[in-house]
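Heads up: the structure comes next, in structure tokens.
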Amino acid sequence: MEPNETPAPADNKNPEMSPHNMYTQKPRASFTLEYIDPEVKQKPPNEDYLIFRPTVVEQAIQDIRNYLSPDEDGNLRSSWILSQISHWGTEREVIAFLCDQSLLICYYDFVELGRSHVFRIPLNYIDTVTWGPLSYPKMAVNKLEGKVIQIKWDKFREPPSFLSWWNPWTEDLSYINLIQHPGNPPEKHLRDMCELETFMEKLVEMVKVAHERNPLPGRANGLLVLQRPVTIDTSLGLVSLLNHKVQLGYAKSRWRFGF
């Protein structure tokens, strides 16, 4: 190279780049926004049920243990998360407790976490267990699908009065209908507590043992197990339709409020 000769410019593929600058003079000129769509984990619908929130069921079970009587109930064997369906077709979530001598149905307040109502059924009083699909009259508007277990404890009782039959909150019935809870919790131990068929098998087994150990005097003891449809005697079902659509029988988070 001659002393006065000007060096040739570097052969840069990008004219905006200089040998002393590794960045473009107009860094935003060719910049294109990159949109990232991260996979968002959808909130499972069962989380709306307060009963499936962490420690809620454990607290409820611990609270209800205070109602247990060693003489009337014996030892607690298992607890279950189920739903009751009334003769009007309305639903209500319950916690069922299988004890040595009794079946306890608990209506627990999952909003206030404390107030509850417990219904005790001696196992040796249960004389009929019916397992089968739900059945409705043809004119019924709201018809649920699925299996139901009907538990009767006094088949010789007189039929309910007209006023009791038309009272959706009556307790003057000698049976109770239990169905699967509509929630599907992700935790396995909670899913196991919702298994209606497993509950039915355990109940039948324990009722038979209770009849052998403590038979009722003056009555033909033994359990009758039937497999047939269970009819919900609702005439039209507008009340049950509203109850089902809004799920009034379940403690849920609604509009930032729990009820």
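Details
- Lysine pair number, Cα distance threshold 30 Å (strictly under), region 69-223, separation 8 or more or different chains: 17
- Residue 92-residue 213 FRET efficiency (beta carbon distance; Förster radius 22 Å; 0.05 resolution): 0.10
- Local charge for residue 99 was computed over the other residues whose Cβ lies under 12 Å away, with Lys and Arg +1 and Asp and Glu -1, and equals 0.
- Computed with a 1.4 Å probe over protein heavy atoms only, the accessible surface of region 150-198 comes to 63 Å² per residue.
- Highest to lowest packing among 222-232, 156-166, 104-114, scored as the average C-beta count within 10 Å: 104-114, 222-232, 156-166
- Each peptide in 72-79, 89-96, 175-182, 207-214 gets a packing score, the mean of other Cβ atoms within 10 Å over its residues, and the list from highest to lowest is 89-96, 175-182, 207-214, 72-79.
- Difference of contour (0.36 nm per residue) and Cα-Cα distance, residue 192 to residue 155: 10.2 nm
- Neighbour net charge for residue 178 - beta-carbon separation under 15 angstrom, K R +1, D E -1: -1
- Once C-alpha pairs closer than 8 Å and six or more residues apart are averaged by separation and normalised to the residue number of region 139-237, the relative contact order reads 37 percent.
- Rounded if a/c under 1.5, otherwise prolate or oblate - region 102-172, Cα gyration tensor axes: rounded
- Principal axis box of region 103-244, alpha-carbon based, largest edge first, Å: 45, 43, 32
- Net charge of neighbours whose Cβ lies under 9 Å from the Cβ of residue 132, counting Lys and Arg as +1 and Asp and Glu as -1: +2
The values are calculated or read from the model by the stated rules, or taken from the named source; none is laboratory data. The structure presented is a predicted model; accordingly, all values stated were derived computationally and were not measured. Reconstructed Cβ throughout: ideal geometry from the backbone, glycine too, with neighbour counts over all protein chains shown. Heads up: the accessible areas ignore ligands, DNA and RNA and are worked out on the full protein's heavy atoms, side chains in. Shrake-Rupley method; radii C 1.70, N 1.55, O 1.52, S 1.80 Å.
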